[in-house]
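One structure is given below, encoded as structure tokens.
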Amino acid sequence: MSSVEIRNLILTAIALGVCILLPMADSGYWLSIGLSIAMFTVLATSWALFSGPTHYISLATAAFFGVGTYTTGLGFETLPFWSLVALAGMFGALMAALVGLATLRLSGVYFVIFTLGLAELVRQVITWAQNQSGQKGLYVLTDITEAMIYWMLIALAAAVYLTGWLIGRSRLGFALRIIGDDETVAAHSGINTARAKVLLFMVPGAVAAMTGAILAPRYVYIEPSLAFTPMLSFQVVIMALLGGTGRLWGPLAGVVPFTLLWESISSNFPNQTTLLLGLSFLLIVYALPRGFVGLLDRLRQRVTGGVS
Amino acid sequence: MKRRTILTTAAAAALALSGLTTTAHAADPIKIGAVAAKTGPLAGGTAVTHWPNIRLWAHQINERGGLMVDGEKRMVEIIEYDDQTNPGETIKAVQRLATQDEADFIVAPYGTGLNIASAPIFARYGYPHIAVSAITDQIPDLAKKFPNMFFTLGNTSALAADAVGILAQMRDEGKMGNKIAMVNVADAFGIELAAAARPMFEEAGFEIVYDTSYPLGTQDLSPVVKGAKAAEPDAFVAWSYPPDTFGLTEQAMIEELPVKAYYTAVATPFPAFGGRFGAAAEGILGAGGVNPDSAAFQDYAAAHEAVTGNKPDFWASATTYASLQILEQAIEAVGVDRAAVSAHLKEATFDTVLGPISFDENNSNNAFWTVGQWQDGVFQGVASRNRDGAKPVRLKDGWK
């Protein structure tokens, strides 16, 4: 391990340590903002782990997330909560593997459309099951507090960063970068491209399902239209792209400003929220096509460029 | 009189600038937070039922100089947020109202899921939560978990049971036969109502000759209505949502569905329903109802139209307004202390546009309308729990 890496690890550990203290400082408003940030950090970072190197845009986050919320909703009375989170992770990974096997051999737009349809598919299956059984929404009445949910998300974020860092150093990560640059070349160099993509797609699948499982007690009431809202998939993609997917910390650089922007628009312009969000998104795409990471790289080049 | 108008205008201007200026001349306004959909799937419902009533209520209170609290008049200031029909946003907005805006009271959100998602926040900060559009059979459990949560619009079983009851009554009077065609939208409330009604129909001795469901958002409902027609039922019952309430009725008109009783659920009491179908709406049964002949409702409807420019619907509109009247009377009785208001809600009886309302040991209002019917251009309540003024039910007589 190089000294830069050790420095980065220590900095990350300190940052996570500071984040853990938030619920001590404020258990109300700022905690709920922090919770939003933690949730989207986990979702966007794990999304970028796969979509960053491979350039496959996945809109399946809501599908995995919903499966996670339903895992908690159906099991919280019989099983301990931690096991449900683990179980949700397994369901998410399994579902991602199945989807990956079916679609990752295809490329580009087929994959995008399939992942978008997946959330709708799972939602319809659950609605069908409810229609058969006559059961409506699920009530998740627990004693789990917002602070506990926040800590679980921070822990999950730490796990995601660690996984991302390890993948980046592994043969798998190297293979994915080659696939992202040119899939044909990768295949000719003897890389099993389908296997590599499926393996990596399981990471965001598992993480999004675990996030859903952790957040279910916060929503209290779970029904398909709320658990599988397609909005979530788009938010995650927007935030990750705003930050930039080239670096592990890139999505975080998108999540924090976007969540704060979202919050200030929702609180100051209650009648034009959606309109202004759309406008600011257009502006972001126009002004920052490569996200904050790209902007930072450009600035750095400009500073050092004159010297070297 | 003139001086008072100027004062009111000044106070209103001060309200508009609150945050920049503090009112020096009068008591501070009472801050009332309101979170509900302005965008997303529920925005259509809130635009008819929810927001106009909040505006009407605030307008009326401020017009008469405010609420009388501890011997002085205090205006109300409404702080509105859009939850985008997303529970995460509802939670955040209620949190924001409680801790950042420091609202004195918060109006319940719109929709079952969003009410229940925000219930823990209302409970944590001790806000009374007078829910309207949260219809569920879990009221006792929820009230135990959230002691400050109150329910006003009734429960699922009662809505289904009274619809079955009305049809059984028509059959027993010899007005129609025994065959029921039943359809439901395959989504939340439609599923729950159908599941509740199915055994009730069987117990009442009806024969269900047609029983099917369709997905939410189905555009072409003609196969559903044609299928029902082919089964030759005496009554057609649809546990439907707003878009399909309109769509099914349109198809039933085209097919001239020959039934003696025709029932659609949510949105049947909307003024737009009567407006769209005109004479064909005559005799159509639906979920909800009010007593539109009562003087209280007529005054309310006139004020609603004068202030908001639209008519109220014949069900949840008046209940939403009543929930605000309950809050108003509780504040005037015990002040802006939230714990005292919650305690008062459990004990007192409130005089509302619907008549007297009080809450039982489950924080539930046991006097509500369950079935209504379009009669002579007005949606009249024909069945209720503990409400007076139900009209006799009529047969559906053709579609012209």
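Values quoted throughout were computed directly from the atomic coordinates according to the rules given, and no laboratory measurement underlies them. For clarity, every value in this text was computed on a predicted model and none was experimentally measured. Cβ sites come from the backbone with ideal geometry, for glycine too, and all protein chains shown count toward neighbours.
Details
- Listed peptides B:349-358, A:2-11 by packing density, highest first (mean Cβ within 10 Å): B:349-358, A:2-11
- Aspartates and glutamates with Cα under 13 Å of B:Lys396, excluding same-chain neighbours fewer than 8 positions away: B:Asp234, B:Glu256, B:Glu282, B:Asp376
- The C-alpha atoms of the stretch B:290-357 occupy a region whose extents along the principal axes are 35, 21, 17 Å, arranged from largest to smallest.
- Stokes-Einstein translational diffusion, the stretch B:80-227 - Kirkwood Rh over all Cα pairs, 1.567 mPa s, 4 °C, in µm²/s: 73
- Sites A:Leu74 and B:Asp211, calculated FRET efficiency, Cβ-Cβ separation with R0 25 Å, nearest 0.05: 0.40
- Annotation for the stretch B:62-79 versus the stretch A:129-145: alpha-carbon center distance of 41 Å.
- Model label sites at A:Trp128 and A:Ser27, defined 7 Å from Cα along the beta-carbon direction, differ in position by 4.5 nm.
- Proximity of backbone amide H atoms, modeled 1.01 Å from N, is registered between B:Ile30 and B:Met75, B:Val76, B:Glu77 at under 5 Å, excluding neighbours fewer than 5 places apart on the same chain.
- Cα pair distances exceeding 48 angstrom across the protein assembly as shown, given as percent: 24
- Centroid-to-centroid separation of the stretch B:299-343 and the stretch A:244-276 [C-alpha atoms, Å]: 36
- The Cα atoms of the stretch A:224-283 define a convex hull whose projected area, averaged across directions, is 4.7 nm².
- Between the alpha-carbon centres of the stretch A:59-110 and the stretch B:269-283 there is a gap of 45 Å.
- Calculated over chain B, the projected area of the Cα convex hull averaged across directions stands at 19.6 nm².
- Of all DSSP beta bridges in the protein assembly as shown, antiparallel share, percent nearest 5: 35
- The stretch B:343-400 shape via C-alpha gyration tensor axes, a/c threshold 1.5: prolate
- Peptide B:215-221 is shielded by partner chain Cβ atoms: per residue, an average of 1 of them sit within 10 Å of its Cβ.
- Inter-chain Cβ neighbour average for residues B:82-94, partner chain, 10 Å: 6
- Here is how the number arises for chain B: DSSP H runs of 4 or more residues each give -39500 (n - 2.57), the sum is divided by the residue count, and the result at 222 nm is -13500 deg cm²/dmol.
- For the stretch A:119-219, the calculated P(r) over all alpha carbon pairs, in 10 Å bins from 0 to the bin holding the longest distance, is 12, 28, 25, 21, 11, 1 percent.
- Alpha carbon convex hull of chain A, volume per residue in cubic angstrom: 166
- Alpha-carbon Rg/Rh ratio, for the stretch A:1-149, with Rh computed the Kirkwood way: 1.03
- Within 10 Å of the Cβ of each residue in B:33-39, the mean number of Cβ atoms contributed by other protein chains is 2.
- Tail beyond 19 Å, pair distance distribution of the stretch A:29-95 (Cα, percent): 46
- Excluding same-chain neighbours fewer than eight residues apart, the lysines reachable from B:Lys31 by a Cα-Cα span under 20 Å are B:Lys73, B:Lys92.
- Rounded to 5, percent antiparallel among DSSP beta bridges of chain B: 35
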